[in-house]
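Notes follow the structure.
The values are calculated or read from the model by the stated rules, or taken from the named source; none is laboratory data. Here the structure is a predicted model, which means the values were calculated and not measured. Don't worry about glycine lacking a Cβ; one is built from the backbone with ideal geometry, like all the others, and counts go over all protein chains shown.
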């Protein structure tokens, strides 16, 4: 069962349904603010205990060094401690260090989570901004720190009083009375005596806070972020929420920085939610800061004063004039082509109350011959009939036109529109060329079609990758990897700089199937190792000639996607790459 969903679909769902989504924050949400995660605390406790028992210099034992970390772990393995990454580690090492000395434990955590260590990054500030706009009304956390309280004070100018173990009885009452924002700490707050860190406490986690969470789960969807799923007691609380009627009506969205680090308990929970008919997905979003910044950018009608407080580190326009173009050598060539003209309209289908995940699932299933994105509705280039048919049953056949008054500015401000334009120009460049358009992550590639390697348009590329005038291969099989093939390719990206849109071209080598790319590391290294300036220059020239036309004359070329459809997209591109000369002699 495929549990992952595209980040774009998650963002669209959030923008449409944010007041009906509650958050569950783990320690990862505070790490970028300078505070440690549970794993950071575990390793610090291991280091302290090991150095004390073995009479070692603690300053010489930096656990960011893998060799030192392995030595320390070997010690604990040898005395029968819990296996590394096991759910028991956190409570075990607190007990090992402090026993039942709550005062020592409280002092340690208070020092680790000292306010002096906190830097308010974009993540907590953006979440505080969402709370002030009433787009995020219910937040639960396992964290002890004051990061969100400080962020809320900075952004909203108000106090945020959390419900913790000393005031847990009032949390459910506040939920029922809809006194928002509601912020509850599952494991308590380090300023109070009833801190929940030891195993006996974890087994008897605060029932009132849990009751509030379970009740909220019957009314709201759930976004989990910065939390690994390693705490069996919290996972049991999630599972308890599942057994009630109609849990998580707006779905479960478990966000992770990388999908390579998903705990088995998380997969089990997502699968159990799906068995109950809940929309449940794992979403790769990057860090908490990166995710919240993307979310914040998509929120419409933000008050300017509040936006300035959230994006306090945002660059502001300045009036420093650019230096005059230089004349001295050397001349530095770049891999950027100026895009002189872009489409100023596209087709649009209004979408109201339909989850983005349903829309994109239909598009993936029907695969219409169209370029589609989601920006205040479905925007597209191509045949409108195909788009409408692929979404039959989800939307009405009410095709309109979306105008772009300042397309370059709008592309720079919207990741959705940038995605539309990037896909559109990639399709236009590859149309009627002996290449295949492929995508890795969010990036498009033009890849040599191995079935057309004899096409005369590849003559320059073969010569460029060859040696001493002898043409070289541009496609083949990877030695030592069964059923694995390679082809020359070029990465296609759009970037806006100083009000100008540029097409960036980065030659590369494509591996098929893509999952074998990591295993082909040695081959890729040897293939690209000696591509010095002259050869790289020629390879770039060859690709420009293949995709656009003759290089260097500065004559603009127009490429079009969907020329025979009712919503085509034409791009006018210069064939002369941008360059830089030294400003002063």
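Looking at this structure, is residue 34 in contact with a strand residue (DSSP E or B) (Cβ under 8 Å, 6 or more places away or on another chain) and surrounded by 14 or more Cβ atoms within 10 Å (Cβ to Cβ)? If you could, list the steps in order and put the result at the bottom.
Working: in contact with a strand residue (DSSP E or B) (Cβ under 8 Å, 6 or more places away or on another chain): no; surrounded by 14 or more Cβ atoms within 10 Å (Cβ to Cβ): yes.
Considered against the rule, which asks whether it is in contact with a strand residue (DSSP E or B) (Cβ under 8 Å, 6 or more places away or on another chain) and surrounded by 14 or more Cβ atoms within 10 Å (Cβ to Cβ), residue 34 comes out as no.
Could you tell me whether residue 40 is closer than 30 Å to residue 127 by Cβ, over 21 Å from the mean Cα position of the chain (by Cα) and surrounded by 11 or more Cβ atoms within 10 Å (Cβ to Cβ)? Before you say what the answer is, go through the steps one by one.
Working: closer than 30 Å to residue 127 by Cβ: yes; over 21 Å from the mean Cα position of the chain (by Cα): yes; surrounded by 11 or more Cβ atoms within 10 Å (Cβ to Cβ): yes.
In short, yes.
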Being over 22 Å from residue 173 (Cβ atoms) and under 23 Å from the mean Cα position of the chain (by Cα) is the filter here; which residues of segment 210-247 pass it?
221, 223, 224, 225, 226, 227, 228, 229, 230
Within segment 180-226, residues being in a loop (DSSP other than H, G, I, E, B) and at pLDDT below 90 number 16
Name the helices (runs of 4 or more DSSP H) wholly within segment 98-179 that hold at least 2 residues that are within 27 Å of residue 311 (Cβ to Cβ) and touching a helix residue (DSSP H, G or I) at 6+ places or on another chain (Cβ under 9 Å)?
122-132, 147-156
State which residue pairs qualify: first residue under 11 Å from residue 346 (Cα atoms) and inside segment 398-414, second residue assigned to a helix (DSSP H, G or I) and modelled with pLDDT under 90 in any location, beta carbons under 7 Å apart, and separation of 6 or more residues or different chains.
399/388; 404/410
Test each condition in (1) at positive phi; (2) modelled with pLDDT of 90 or more for residue 73 and report the one that comes out false.
(1)
